[in-house]
Each structure stands twice: as structure tokens, then as C-alpha cells.
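So the structure is just underneath, and the comments pick up after that.
The values are calculated or read from the model by the stated rules, or taken from the named source; none is laboratory data. Only a predicted model underlies this, so the values are computations on that prediction, with no experimental measurement involved. Cβ: placed from backbone, ideal geometry, glycine included. Neighbour counts: every protein chain shown.
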Amino acid sequence: MSRHVDALVVGSGPGGAVTARALAEAGLDVLVVEEGDWVDPGSVEPYSVEQMQRQYRGGGLTAALGRPSIAYTEGCCAGGGSEVNSGLYHRPAAQLLADWSRAFSIDDLTPAALEPHSALVERELNVSARPAGPLPESSHVLRRGAERLGWTGFDVPRWVRYTDVDGAVVPQRQTMTRTYLPQALEAGAELWTSSRVVKIHVDGARGSSLDVVRRSGGHQHTERVSADNVFVCAGAVHTPALLQRSGFRRNIGSNLSVHPTVKVVAEFDSEINAPADLPTYQVKEFGSWLSLGGSASRPALIALALSESWPDFGEALDRWRRQSVYYAAIQSVGRGTVRALPGFADPLVTYRLTRADAERLRTGLARLIHLMLAAGAVAVYPSYANAHRVRDRLEAAEVVRRFTPAAASLMTVHLTGTAPMGEDTTRAAVNSFGRLHGLDNLYVNDASMLPWAPGVNPQGTLMAVAHRNVAAFLAGAGASASASASSRTRT
Amino acid sequence: MDHPQGGATSPPTVVALVAVAFLANDVPDAQPAELAAASQYVDDSVAAMPDVTRAGVRLASGAAYLVLSLLGGSPYRRQSRASRSHVAGRVAAVSLPVLSELNRLSRGLALVSIYEQRFRNGSL
């Protein structure tokens with residue numbers, strides 16, 4: 001006999017966790033289906049190979065194919081991307097919301113409409129600035145360079161709780177497995193981990209049924225679950241793939257937007273490397289189209305960044321304690337696609353950089369090297385094939401001149417846009433509140449619905465919009481408690 | 001068959017063989033146990049890759065294996081370590097669309113494994 005629930009949430013990342021908690025607290029019978037495993041918070045070293053294997057999709061080896069291909073990472077575990085990302089928090093900018101609303105005809109997506117939801121997210125995740133005191137060296141490098149150049153930047157607030165351990169400030173990220181998911185379970189939601197929804201069968205007003213493959217002890221079996229409402233929150237790659245496998249294709253999977261990123265390893269004359277954390281200072285001098293910041297820098301990741309020119313750069317790794325990885329991330333004009341392929345579990349992901357993107361990346365690389373040299377770097381190692389080490393501005397100019405995106409190891413996070421929201425049905429897959437156009441009981445509530453990558457870490461924006469959407473659903477569905485009431489109970 | 005230079009676990013795939021060939025050239029002081037662990041890590045990682053990427057990496061490694069064998073004058077598995085390292089250096093320097101990109105991926109995995117091992121055991 002198949003199981004029936006009021007609401008089934010596919011995915012337990014920031015979108016799914018927000019959705020599940022709100023629905024469960026409103027009294028609905030909620031089942032959350034998560035493809036990855038539950039990994040206890042703090043049980044794996046951040047940015048380690050073990051974390052890549054246990055918490056990233058495909059071991060962190062996923063790529064959007066193109067010229068060049070762009071490596072991307074996605075969380076695949078309970079809590080999704082929140083378990084593996086930097087924890088940097090940004091409220092959505094008013095201009096961004098206006099641009100999205102205009103481009104896709106989105107109703108009621110204003111700063112005022114999102115304000116209570118953003119405030120709730122900030123309280124729940126303890127979004128806070130770093131306690132007073134010196135920045136970690138890897139962050140201080142960015143600030144020092146920015147100050148010397150007169151560029152704008154700031155230490156980005158994070159969703160963390162800072163604790164003092166032997167005089168050191170230690171951040172504990174407030175991931176979904178520490179916050180929303182336990183609260184959803186406390187409110188009565190059920191979570192199936194190691195379980196994958198392979199297809200949704202929509203059956204009109206009677207709801208939907210879903211084929212769920214569950215893994216356990218090396219075996220797997222398929223269960224059929226029916227639900228009055230389905231919320232697909234599987235991320236910007238697997239949400240469109242699931243919808244396509246289920247027969248929904250209109251405006252789904254064709255608007256993938258990312259932040260292509262080029263990296264360098266910068267070396268200083270004193271120790272700066274912090275293997276267990278990453279720099280949180282970001283340079284924002286150039287608006288949303290270009291961000292300069294720092295990445296995780298365990299030695300293995302420095303080796304990876306140096307590997308494009310390994311014969312010349314490999315020896316530098318001996319000095320890894322004086323090095324850290326820094327990036328220039330752009331807002332891309334190009335777009336990509338996600339296509340479910342018959343017979344394959346994973347979709348084909350492609351991305352096409354435009355000439356404008358290539359020029360932005362080149363400019364980003366130039367400004368990043370300039371920033372590092374201004375900060376006092378003794379050497380900068382650009383991460384592209386056959387690059388040369390940079391020690392001064394003259395060498396920087398030559399390295400930038402030789403740069404082509406095709407030679408670079410581009411990577412990205414922050415995938416969005418593959419089921420965009422809005423009332424413009426020629427472009428949008430879901431309506432202004434996440435409901436699939438033309439259907440009554442199928443919703444998207446994750447980064448897929450954000451029209452394009454916002455130029456900053458989108459988790460804060462996504463969570464606020466997800467709160468807004470599930471509130472609208474509950475209000476419209478006449479559930480036992482409206483989402484605004486749900487929000488109020490936590491005010 | 002043993003993994004390259006060491007551990008008696010499952011036989012390495014062609015992808016692992018090629019990745020370790022590059023590694024022997026990239027990190028000449030890599031120890032047999034490190035290479036064996038890297039080989040296992042590459043195989044595990046390839047198994048976890050998305051279908052399309054995995055298929056591409058296997059294809060690219062197969063092509064690289066053929067070239068390694070041709071340049072070395074005998075099947076790669078029968079070549080000496082010095083010969084392997086020499087020809088791997090030549091192959092690594094070649095830049096071909098897509099194929100080189102995919103081989104860089106498996107080569108990067110092997111590097112990650114070596115330096116993660118060294119970081120964890122404090123030998124860096």
C-alpha cells in the first residue's frame with residue numbers, strides 16, 4: 001500500500017528545509033525526501049576530501065560542459081548546500097529584486113515584502129558580524145589590498161555562532177541540520193535520507209504520486225508515495241531534471257545562470273593559510289558584476305589551483321602556509337542548460353560563456369592580481385594553463401594578456417535560474433510564488449526559481465523567497481495556520 | 001592485479017592508471033603507498049561522478065593510455081617507472097579540446113589525494 005502525505009518536499013537544502021519546517025509547523029503531514037545521507041554537523045572536516053566524498057554531489061566533480069567547461073559544486077546530503085558553503089550572508093538588493101521583477105513579471109517581490117522573511121532568516125541562522133578583533137590573516141590580506149587601492153569592501157556577515165576556543169574565535173555555521181531541519185522534524189515532518197525521487201506523476205486535483213528509490217545497506221527498492229502537494233527543492237540542476245523526467249519542460253532547464261570564477265594562489269612573506277576556514281572579506285568596488293574574495297585553501301586545494309601550470313608552479317606548494325586561494329567571480333551574461341537524458345541518472349549540464357563574460361573574467365583576473373600585489377603578495381600564481389608567476393605589475397600585464405577562459409580552470413557555485421518564477425509565461429516556469437504554471441499542486445521552492453545569479457551568495461535571498469512562497473501557499477491553502485502566523489510565532 | 005606500486009585492493013581502472021602516471025611525473029617523490037591511495041581515490045571519485053562526466057573521463061583516459069603505450073614503445077603496464085614518468089610528462093603537455101580537460105580532471109584528483117594525505121599525516 002502506498003504512503004500518502006499532505007506535502008512531499010524533494011530535497012532538504014535551504015529551500016527544502018524552510019518549506020518543510022513551515023508546512024510541518026502549520027500542521028501538515030510532511031515527508032522530506034533527501035538523496036544524500038545525514039552527516040552529523042561537525043563530524044567531517046570542512047573543505048576536506050572526506051567532506052567532498054560524503055557531502056558533495058559526485059564527490060565535487062560536477063561540471064557544466066562547454067568551451068570551456070565550468071566545474072560546479074552542489075551539496076548532496078541532508079541540509080544540502082548549507083552544509084558545504086561558506087556561510088556568507090547577503091540580503092537581496094532592492095535593485096536586483098526590481099530587475100528580476102521587471103524581466104519576469106514577478107508580483108510582490110519587493111524589499112518591503114521580503115523584509116519580515118529576511119529578518120526571520122537572520123534570527124534563525126544567527127546572522128552576525130565577526131566579533132571585534134583582528135581579521136584572520138587570509139581575510140586581512142583582502143582588506144589591506146582594498147584599503148591601499150581605495151576600493152570598497154567589507155567583512156561579510158555569516159550565519160554562524162562565534163565561540164571563543166582558547167582565545168581563538170571559532171565559527172560554527174548554522175547549517176540546515178543545526179537549525180531548520182531538526183525544527184521541522186520536531187514539528188512532525190519525516191525525513192527520508194538516501195532516497196531519490198525519480199519521477200512525479202501528477203494526477204490533477206487528486207494530487208501527485210512519486211516514485212522514490214530508497215537505498216539501504218547496498219540494496220535499493222522503489223516506493224510509491226502520494227501527496228496532495230509536491231514541493232521540488234532539489235537545487236538548480238536536479239529540480240529541472242526531475243521536472244523534465246516527469247514530463248514538464250516549458251521554460252524548465254534552459255536558463256541556467258552561474259557566477260564563473262577565476263582563481264589565483266597568492267603567496268605572502270608570512271603565514272596566512274587557515275585550512276579549516278576561508279576568507280570572509282569581499283571587495284565590492286565594482287558592483288554586483290565582479291566580486292573579489294577568498295576560497296578554501298587546504299594544501300590539496302592549493303595543489304589543484306596550481307595544477308594548470310604544475311611543472312612551473314608545483315614547487316611553490318612547499319610554502320603553502322604562506323599562501324591562500326583568491327577568486328574573481330563575475331555575473332555572467334551567458335546562460336546554460338540542464339537536460340535530463342533517457343537512461344542516465346544525471347542530467348547533461350552545459351554552459352555557454354559569452355565574449356562579454358570572457359572580457360569580464362579577464363578584467364576580474366587583472367583586478368584580483370592588482371589587489372594581491374597591493375596587499376603585499378610576493379608572488380601570484382594564476383590558475384590557467386601555462387601561466388607565469390607574477391611578482392610585479394609588468395608581469396601581471398603579460399599574464400592577463402595571455403589569459404583566455406578556454407585555458408582556465410573555471411569553477412562556480414551559486415547555480416540558479418532553471419525554473420524561473422514570474423507571470424510572464426513565455427519565460428517563467430513557475431508563477432510569482434513558485435507554483436508550476438498550469439498546475440495546482442506542484443511547486444518549486446529553491447534556487448531554480450531565482451531568475452539569475454545575483455552576484456552574491458544567494459542563500460539569504462533564496463531562503464527569504466522560500467519563506468515568502470510557503471507563506472503564500474499556506475495562506476491560500478487555508479491550512480490550520482497561515483505561514484504568516486508561522487512566522488509570527490518565531491518573531 | 002595490485003594497484004599501481006602497492007596496495008592489494010581491487011584492480012585499478014585505466015583512469016586510475018593514467019592519473020597515477022601523471023602523478024608519478026608531477027610528484028616524483030610520491031611513495032608507493034601514496035600512489036596506491038591516490039589510485040584508489042581516483043577510482044572511487046570516478047565511480048561517484050555524474051554519468052556523462054564519468055563516460056567522458058573514461059574515454060579520455062583510454063585515449064591517453066593508448067598514447068602512453070605508443071610513446072613508451074610497449075603497453076603502459078609493462079613500462080618501467082622512469083619510462084612511465086617520461087612519457088606521462090609529454091602527454092600532460094599536450095593540449096587537446098575536451099580530452100585534455102578531462103584528463104586534467106583525473107590528474108587533479110590524484111594531486112588532491114597526495115596532498116590531502118600529506119596534510120593529514122603532517123608531512124607537508
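Reported count of residues in segment B:37-74, each being among the aliphatic types (A, V, I, L, M), surrounded by fewer than 22 Cβ atoms within 10 Å (Cβ to Cβ) and farther than 30 Å from A:LEU341 by Cα, is 4. Selection over segment A:286-306 of residues that are more than 8 Å from chain B (Cβ to nearest Cβ) and either hydrophobic (A, V, I, L, M, F, W, C) or part of a helix (DSSP H, G or I) (or both) gives a count of 9.
Taking segment A:307-321 only, how many residues are facing chain B (nearest Cβ under 10 Å) and polar (S, T, N, Q)? Residues meeting the conditions: 1. Suppose the filter is among the basic types (Lys, Arg) and under 18 Å from A:THR175 (Cβ atoms); does A:ARG148 pass it? So A:ARG148 fails the test.
Quick grid of which residues meet (1) part of a loop (DSSP other than H, G, I, E, B); (2) modelled with pLDDT under 95; (3) surrounded by 17 or more Cβ atoms within 10 Å (Cβ to Cβ):
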| position | (1), (2), (3) |
| --- | --- |
| A:GLU50 | no, yes, no |
| A:PRO68 | yes, yes, yes |
| A:ALA71 | no, yes, yes |
| A:GLN95 | no, no, no |
| A:ASP99 | no, no, no |
| A:HIS117 | no, no, yes |
| A:LEU120 | no, no, yes |
| A:ALA132 | yes, yes, no |
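Can you name every residue in segment A:211-241 that is more than 27 Å from A:ASP6 (Cβ to Cβ) and in a loop (DSSP other than H, G, I, E, B)? Passing the criteria: A:GLY217, A:GLY218. A:GLN244 falls short on exactly one of the conditions (1) in a helix (DSSP H, G or I); (2) touching a Ser or Thr at 6+ places or on another chain (Cβ under 8 Å); (3) under 25 Å from A:VAL349 (Cβ atoms), and that condition is (2).
Across segment A:309-320, the number of residues qualifying as buried (at least 21 other Cβ atoms within 10 Å of the Cβ) and in contact (Cβ under 8 Å) with a residue 60 or more places away in the chain comes to 1.
Of the residues making up segment A:57-102, those that are within 14 Å of chain B (Cβ to nearest Cβ) and of a type in the set (Val, Ile, Thr) are A:THR62, A:ILE70, A:THR73. Of everything listed in (1) outside any helix (DSSP H, G or I); (2) over 22 Å from A:GLY455 (Cα atoms), the single unmet condition for A:GLN282 is (2). The numbered conditions (1) out of contact with any Gly (no Cβ under 8 Å at 6 or more places or on another chain); (2) more than 30 Å from B:GLN117 (Cβ to Cβ) are all true for A:PRO46 except (2). For segment A:365-373, the criterion of being within 14 Å of chain B (Cβ to nearest Cβ), surrounded by 24 or more Cβ atoms within 10 Å (Cβ to Cβ) and on the phi < 0 side of the Ramachandran plot is met by none of the residues.
Only a single criterion out of (1) part of a helix (DSSP H, G or I); (2) under 19 Å from the mean Cα position of the chain (by Cα) is not satisfied by A:ARG21, namely (2). From the list A:GLU74, A:GLU83, the one residue that fits, being closer than 22 Å to A:THR179 by Cα, charged (D, E, K, R) and out of contact with any Pro (no Cβ under 9 Å at 6 or more places or on another chain), is A:GLU74.
Here segment A:246-283 is the region considered, the condition is being within 14 Å of chain B (Cβ to nearest Cβ) and out of contact with any Phe, Trp or Tyr (no Cβ under 9 Å at 6 or more places or on another chain), and the residue that is modelled with the highest pLDDT is A:GLU271.
Criterion first (out of contact with any strand residue (DSSP E or B) (no Cβ under 9 Å at 6 or more places or on another chain) and under 26 Å from A:ALA296 (Cβ atoms)) does A:ALA374 satisfy it? In short, yes.
Here segment B:75-100 is the region considered, the condition is being in contact with a Ser or Thr (Cβ under 7 Å, 6 or more places away or on another chain) and over 14 Å from B:ALA19 (Cβ atoms), and the residue that is nearest to the other protein chains (Cβ to nearest Cβ) is B:VAL94. So which residues in segment A:324-357 are touching a strand residue (DSSP E or B) at 6+ places or on another chain (Cβ under 9 Å) and within 12 Å of another protein chain (Cβ to nearest Cβ)? Passing the criteria: A:VAL338, A:ARG339, A:ALA340, A:LEU341, A:ALA345, A:ASP346, A:PRO347, A:LEU348, A:VAL349, A:THR350. Tallying residues that are part of a loop (DSSP other than H, G, I, E, B) and within 22 Å of A:PRO347 (Cα to Cα) within segment A:252-270 yields 7. In segment B:108-124, the qualifying residues are those that are more than 7 Å from chain A (Cβ to nearest Cβ) and under 21 Å from B:ALA55 (Cα atoms), and the one that is surrounded by the most Cβ atoms within 10 Å (Cβ to Cβ) is B:ALA110. Beta carbons closer than 6 Å, at least 6 apart along the sequence or on distinct chains, pair a first residue in segment B:73-87 that is within 18 Å of B:PRO12 (Cβ to Cβ) with a second that is of a type in the set (S, T, N, Q) for B:PRO75/B:SER69; B:TYR76/B:SER69; B:SER85/B:ASN25. Every condition in (1) assigned to a strand (DSSP E or B); (2) surrounded by 18 or more Cβ atoms within 10 Å (Cβ to Cβ); (3) in contact with a Leu (Cβ under 9 Å, 6 or more places away or on another chain) is met by A:VAL198 except one, and the failing one is (2).
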